[in-house]
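Visitor: Would you mind keeping the following structure in view while I ask a few things?
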Amino acid sequence: MRSAESSAGLSPPRPPLLRWFVLAAMVIGMLLPIVPLVIWSFAFRWSFPDLLPERWSLRAWRYLAAPESQVLPALRDSLLLAGAVTLLATLIGAPAGRALGMYRFRGRALIEMLILAPLIVPAFAVSLGIQIVFIRYGLADTFLGVVLVHLVPATPYMALVMAGVFANFDRQYEDLARTLGARPLQVWRWVTLPAVLPGLVVGALFVFLISWSQYALTLIIGGGRLVTLPMLLFAFARSGDHAVTAALSLVFIAPAVVLLALIARFLGAAPAAGGIRGL
């Protein structure tokens, strides 16, 4: 009987108690590192070996909200930078992933190696060479230059994710849509996009987080003129103000947590891959 269920692809439902235990362990594992940051952000005086601060205060949060902290401009620039990198990496990486995942051609192994190269070679070493080229062409110390250098480590993730997605994509759906009279744009909008959308969203999340957390590349190519949240966070950490550093750390991780929750909710509600609508 058991072998018959396995062969038919049916598995017995997981006990609810075990499922809730695993879910609770995952939530605790994700939130536990954040708890000390929350306590530190409201601490005014916290001495060892006290378990909790002696005095509580909103000083750190008031300082972050003040114009002199430069947090809001840094948050704006970080969002604009990560958004631009995500858009460009998607436009470049998705077609590259389709070519790698769906087609077999001469030189494919070499192209795969070139795509993986930015993930193997240290980004710091690469950025020094890129900086010389950017200085020559006037891209150093500019927003566009930082966007371009962020694409170096970010685009391979999008290409590799989409290569895996397109490797499991059935081209017969597109051929069938064409035989029914659909134009190329309609095939992409109503056939290809719904099938690869979950993978596209996951790849975009990877790219956004990679750009969002970049420090060295932003500092080297931006030359200090473009100040993002990671650069501000390092500056406060070196100053030794633990309360402000903890509060800024929470601001730094908040967009990533919100994006992760929204995407997890979207993927949970998304139709299965391969769903075709509009035809």
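The values are calculated or read from the model by the stated rules, or taken from the named source; none is laboratory data. As the structure is a prediction and not an experimental result, all values here were calculated from the model. Glycine also receives a Cβ, built like all others from the backbone with ideal geometry; neighbour counts cover every protein chain displayed. Remember, those area values only see protein heavy atoms, side chains included, never the ligands or the DNA or RNA. Shrake-Rupley method; radii C 1.70, N 1.55, O 1.52, S 1.80 Å.
Visitor: Kindly write out, for the stretch 129-143 in residue order, the coupling ³J(HN,Hα) from the Karplus curve 6.51 cos²θ - 1.76 cosθ + 1.60 (θ = phi - 60°), rounded to whole Hz, with x marking Gly and Pro.
Guide: x, 5, 4, 4, 5, 5, 5, 5, 9, x, 9, 5, 6, 10, 5
Visitor: Rank Phe42, Phe48 by accessible area, highest first, at a 1.4 Å probe radius?
Guide: Phe48, Phe42
Visitor: Also, quick follow-up: Once the piece of chain linking Trp20 and Arg178 is laid out straight, how much longer is it, given 0.36 nm per residue of separation minus the C-alpha distance between them?
Guide: Difference between extended and current length: 52.2 nm.
Visitor: Same structure again: Given the -39500 (n - 2.57) contribution per DSSP H run of 4+ residues, what per-residue ellipticity at 222 nm results for the chain, rounded to the nearest 500 deg cm²/dmol?
Guide: Here the helix-only value at 222 nm equals -23000 deg cm²/dmol.
Visitor: Just need the relative contact order of the chain here, percent rounded to a whole number, with Cα pairs under 8 Å and 6+ apart.
Guide: 26
Visitor: Among Ala182, Leu75, Pro153, whose Cα lies farthest out toward the positive end of the dipole of the chain, if unit charges sit on the beta carbon of Lys, Arg (+1) and Asp, Glu (-1)?
Guide: Value: Ala182.
Visitor: Could you tell me the relative contact order of the stretch 24-73? Use alpha-carbon pairs under 8 Å, at least six residues apart, and round to a whole percent. Display every interim value, and only then the final one.
Guide: Working: 38 pairs, mean separation 11.6, N = 50.
Relative contact order comes out at 23 percent.
Visitor: Next question. Please give the per residue accessible area of the stretch 86-191, computed with a probe of 1.4 Å over protein heavy atoms only, in Å².
Guide: 61
Visitor: Can you check how the C-alpha radius of gyration of the chain compares to 2.2 N^0.38 Å, as a plain ratio?
Guide: 1.26
Visitor: How much of Val201 can a 1.4 Å solvent probe reach, expressed as accessible area in Å² and rounded to 10?
Guide: 30
Visitor: Between Trp56 and residues 5 or more places away or on another chain, which pairs have amide H atoms under 5 Å apart, with H built 1.01 Å from N, and which residues are they?
Guide: Phe44
Visitor: Before anything else, pin down the relative contact order of the stretch 108-191: Cα pairs under 8 Å, at least 6 apart, normalised by residue count, whole percent.
Guide: 26
Visitor: If you stretched the chain out fully between Leu31 and Ala99, how much longer would it get, using 0.36 nm times the residue separation minus the C-alpha to C-alpha distance?
Guide: 20.5 nm
Visitor: Further question: What length, rounded to one decimal in nm, is gained on full extension from Arg265 through to Arg108, with 0.36 nm per residue of separation minus their alpha-carbon distance?
Guide: Result: 52.9 nm gained on full extension.
Visitor: How large is the accessible surface of Glu112 in square angstrom, using a 1.4 angstrom probe and rounding to the nearest 10?
Guide: For Glu112, the solvent-accessible surface is approximately 60 Å².
Visitor: Rounded to whole Å and sorted largest first, what semi-axes of the equivalent ellipsoid does the C-alpha gyration tensor of the stretch 39-113 yield via the square root of 5 times each eigenvalue? Mind showing how you got there, number by number?
Guide: Numbers: eigenvalues 494, 72, 13 Å².
Its equivalent ellipsoid spans semi-axes of 50, 19, 8 Å.
Visitor: Now for a separate question. Excluding ligands and nucleic acids, what accessible area in Å² is computed for Ile92 using a 1.4 Å probe, to the nearest 10?
Guide: 90
Visitor: How large is ³J(HN,Hα) for each residue in the stretch 191-200, as worked out from phi by the Karplus curve 6.51 cos²θ - 1.76 cosθ + 1.60 (θ = phi - 60°), to whole Hz, x for Gly and Pro?
Guide: So the Karplus estimates, Gly and Pro as x, are 10, 6, 4, x, 6, 9, 4, x, x, 5 Hz.
Visitor: Right, something else. For the stretch 150-192, what size does the Cα cloud have along each of its three principal axes, sorted from largest down, in whole Å?
Guide: Over the stretch 150-192, Cα extents along the principal axes are 41, 19, 10 Å.
Visitor: Rounded to whole Å and ordered largest first, report the semi-axes of the equivalent ellipsoid of the stretch 67-110 derived from its Cα gyration tensor (root of 5λ).
Guide: Semi-axes (√(5λ), whole Å): 39, 9, 5.
Visitor: Let me ask you something else. Please report the projected area of the stretch 142-279's Cα convex hull averaged over all directions, in nm².
Guide: On the way: hull surface 41.6 nm².
Averaged projected hull area, Cα only: 10.4 nm².
Visitor: With θ set to phi - 60°, apply the Karplus curve 6.51 cos²θ - 1.76 cosθ + 1.60 along the stretch 237-247 and write out the HN-Hα couplings as whole Hz, x wherever there is a Gly or Pro.
Guide: 5, 6, 6, x, 8, 5, 5, 5, 4, 5, 4
Visitor: Using a 1.4 angstrom probe on the protein heavy atoms only, could you order Arg62, Arg106, Arg265, Arg76 from most to least accessible area?
Guide: Arg106, Arg265, Arg62, Arg76
Visitor: Going from most exposed to least, what order do Arg225, Arg98 have by accessible area with a 1.4 Å probe?
Guide: Arg225, Arg98
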